[in-house]
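The values are calculated or read from the model by the stated rules, or taken from the named source; none is laboratory data. Remember, predicted model here, so these are calculated numbers, not experimental data. Note: ideal-geometry Cβ built from the backbone for every residue, glycine included; neighbour counts use all protein chains shown.
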Protein chains: 2
Amino acid sequence: MTMAKPGHRFEVAVIVFLSIISFARPSSSSDEEKDLPTRAGRTFGPLPKVMASARNPITPEKIELGKILFYETRISVDGTVSCSRCHPFSLYAADGLRKAIGNRCRVNPRNAPTVLNAAAQISAHWIGNRTDVEDQAKQSVIGPPSFGMPSYADVENRLKEIGGYARLFKEAFPDDKDPITVDNFAAAVGAFERTLVTPSPFDDYLTGNPQALGEREKKGLVAFMGMGCSGCHSGAYIGGQKYMKFGLIEPYWQYTKSREIDEGRFVVTKDESDKYVFKVPVLRNVARTGPYFHDGSVDDLRSAEYIMGKIQLGKELSKEELGEIDAFLQSLTGRIPDDALRIPLLPRRH
Amino acid sequence: MTMAKPGHRFEVAVIVFLSIISFARPSSSSDEEKDLPTRAGRTFGPLPKVMASARNPITPEKIELGKILFYETRISVDGTVSCSRCHPFSLYAADGLRKAIGNRCRVNPRNAPTVLNAAAQISAHWIGNRTDVEDQAKQSVIGPPSFGMPSYADVENRLKEIGGYARLFKEAFPDDKDPITVDNFAAAVGAFERTLVTPSPFDDYLTGNPQALGEREKKGLVAFMGMGCSGCHSGAYIGGQKYMKFGLIEPYWQYTKSREIDEGRFVVTKDESDKYVFKVPVLRNVARTGPYFHDGSVDDLRSAEYIMGKIQLGKELSKEELGEIDAFLQSLTGRIPDDALRIPLLPRRH
């Protein structure tokens, strides 16, 4: 199934309709400005403190273990890959590359999305072929272009060889008889990633500080909602909640610098209507997590905005509109939790 | 020139002599124990707060910039290499690999030594082919197996493309008209690395807390000094102050699992007496920075200790001696400065 399937055309109609009514009205009267945080709050909702999951309850011990494992290279086939390799916090947990490069320099099929604010999405990866962050962490250790380990058992053996993990896994999973398992690895990394929420000036604005956004940012927010961007990039994470065809109006590869045509979610479902469908990405920290799109084919945020207007909304955005939307997107650059920014020291082997 | 050249044989004689007189005496009388911190202090000296350099004075702005640049991958040819790639603090600024793997999976000629406590050595790299940490940082950006950039000018251009660096370089080098240069990159990274001093329980012991080391650690310290290990591994960093032939008594490759014979400093000087000569490595944090030796050919610290006894001192260390020396070496695992453990966020491109 995909949420995109039934409604592509209907959604396009709604988006276009919203654009028209929005642009028919004057865009910055004082009443409208007072009302803006409330309206925006209805579309985006408040950012939670953590991205909780009933299936993987967060505990301090799991978070701590997960944070350590996030930096663990010794469970990759060539010793060079950890979660942090493709998701370094120094680059807002993306890697700045078009496509991530894993063990033995293998190139991944798509761009590495940031793991910040990622855990509450409908799925993980661009085409939704991982159910959640836990599934993503688990599968990555045996993923041929990522950690590249031959089997889950090999990963578990490597973890068991590093003496210090016995205690850490026991503390995080006290009810397990043999807690060093790949599932617990995934649960711990997932628990850590569920804490990676990055509140930004936009959230300060939504929660009662009208000064938190400047005039340009607010105009950008109005345009973002009015043009219909928020039809897809909605919710607290400003995306991540549905699948959508990339290139509703025109094929994406006519605008991006894509070197090959990626059929998107079709690869997973083999359903014709999923061709060129991708998960709508989270836009938090988007100003810091280029290059853009599933193949990292566009370097520059404004170019990405222009392309989105053109091929999703059928709109040629003006320089001024691009500048305002850009200003709004900048206001989504958030504060990474201090705890996540402190590098843990890994247990030693013997 | 190398400091090892004139004195190989003489030093061996001194080491052997020291071993004999040390082992002739009882090794843990109460008087001797009281005297031990003073004796050890004479050999190792106090650990400074930072590893200052007249050529590269440290300022807070330089340190801050250097710390940011330490994580900068965008100045490597394939975007995957930063200083942190081979010197992640999570693994005590070594990488756990036999030989470091750089851009495009190129394997470096030797094991990556930790950058902790490294800046005060006589030179950088195992064979001393870098004058200091600044020179190491500078040359690494164009080093084919490390960052792999075609030229210094390319590195400078990449830095200039990342808008945020203009201000950071200006603040760090206020007197420079055009501060974004590779030399300033190297000076900033060097300034940061000069702060990477890691005081350990051994330092607490030297500076007046007799409880900081347990009985086994103290026995190990006595053995380390008595057997002659400290003849080479001396000074505040417990090494890094001279060159020495690896395999004074027997060829190293008969004991290590070396796959090829590395001629060491001979590669630099072409002087026959420098064959198999390497810089004596710093032993601070040695328990956390395996695998060991210039080619990472030995995984296990105790095996490394055994081999050192055998081929440097001509001694077959007993299980008990190895255990004691091991306990002492563990006491050299230090505290990485909090400031260094906080990941900085990198400036964005535009």
query: Got at least one residue in the stretch A:272-283 being within 14 Å of another protein chain (Cβ to nearest Cβ), aliphatic (A, V, I, L, M) and out of contact with any Phe, Trp or Tyr (no Cβ under 6 Å at 6 or more places or on another chain)?
result: no
query: Quick one: which helices (runs of 4 or more DSSP H) sit completely within the stretch B:113-201 and have at least 2 residues that are β-branched (Val, Ile, Thr) and under 28 Å from the mean Cα position of the chain (by Cα)?
result: B:133-142, B:182-193
- prompt: Do we find that A:Ile336 is modelled with pLDDT of 95 or more and away from chain B (no Cβ under 14 Å) in this structure?
  reply: no
- prompt: Among the residues of the stretch B:76-99 satisfying the criterion of being under 18 Å from B:Pro344 (Cβ atoms) and among the hydroxyl-bearing types (Ser, Thr, Tyr), which is nearest to the other protein chains (Cβ to nearest Cβ)?
  reply: B:Ser90
field: Residues located in the stretch A:37-75, provided they are outside any loop (DSSP other than H, G, I, E, B) and within 13 Å of chain B (Cβ to nearest Cβ)
entry: A:Lys67, A:Ile68, A:Leu69, A:Phe70
query: In this structure, does A:Ala119 turn out to be under 27 Å from A:Ile180 (Cβ atoms) and touching an Asp or Glu at 6+ places or on another chain (Cβ under 8 Å)?
result: yes
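Quick grid of which residues meet (1) modelled with pLDDT under 95; (2) over 20 Å from B:Val115 (Cα atoms); (3) touching a Leu at 6+ places or on another chain (Cβ under 8 Å); (4) not in a helix (DSSP H, G or I):
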{"position": "B:Ser234", "(1), (2), (3), (4)": "no, no, no, yes"}
{"position": "B:Gly247", "(1), (2), (3), (4)": "no, yes, no, yes"}
{"position": "B:Arg259", "(1), (2), (3), (4)": "yes, yes, no, yes"}
{"position": "B:Ser273", "(1), (2), (3), (4)": "no, yes, no, no"}
{"position": "B:Arg284", "(1), (2), (3), (4)": "no, no, yes, yes"}
message: If the requirement is being polar (S, T, N, Q) and touching a residue at least 24 places away in the same chain (Cβ under 8 Å), which of these qualifies: B:Ser123, B:Ser90, B:Ser84?
response: B:Ser123
task: Please enumerate the residues belonging to the stretch A:261-271 that are in a loop (DSSP other than H, G, I, E, B) and not basic (Lys, Arg).
output: A:Ile261, A:Asp262, A:Glu263, A:Asp271
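Listed here are the residues, each with its yes/no results for (1) over 17 Å from A:Tyr306 (Cβ atoms); (2) in contact (Cβ under 8 Å) with a residue 24 or more places away in the chain; (3) under 23 Å from the mean Cα position of the chain (by Cα); (4) surrounded by fewer than 18 Cβ atoms within 10 Å (Cβ to Cβ).
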position	(1), (2), (3), (4)
A:Gln211	yes, no, no, yes
A:Gly228	no, yes, yes, no
A:Leu248	no, yes, yes, no
A:Ile261	yes, no, yes, yes
A:Arg265	yes, yes, yes, no
query: Considering only residues of the stretch B:298-350 that are within 30 Å of B:Ala191 (Cα to Cα) and aliphatic (A, V, I, L, M), which is surrounded by the most Cβ atoms within 10 Å (Cβ to Cβ)?
result: B:Leu329
message: Condition first: small (Gly, Ala, Ser), more than 13 Å from every other protein chain (Cβ to nearest Cβ) and assigned to a helix (DSSP H, G or I). Now tell me which residues in the stretch B:296-326 satisfy that.
response: B:Gly309
field: Yes/no for B:Ala100 being surrounded by 23 or more Cβ atoms within 10 Å (Cβ to Cβ), in contact with a Leu (Cβ under 9 Å, 6 or more places away or on another chain), modelled with pLDDT of 95 or more and closer than 25 Å to B:Met244 by Cα
entry: no
Yes/no for B:Gly239 being in a loop (DSSP other than H, G, I, E, B) and within 30 Å of B:Gly41 (Cβ to Cβ): yes
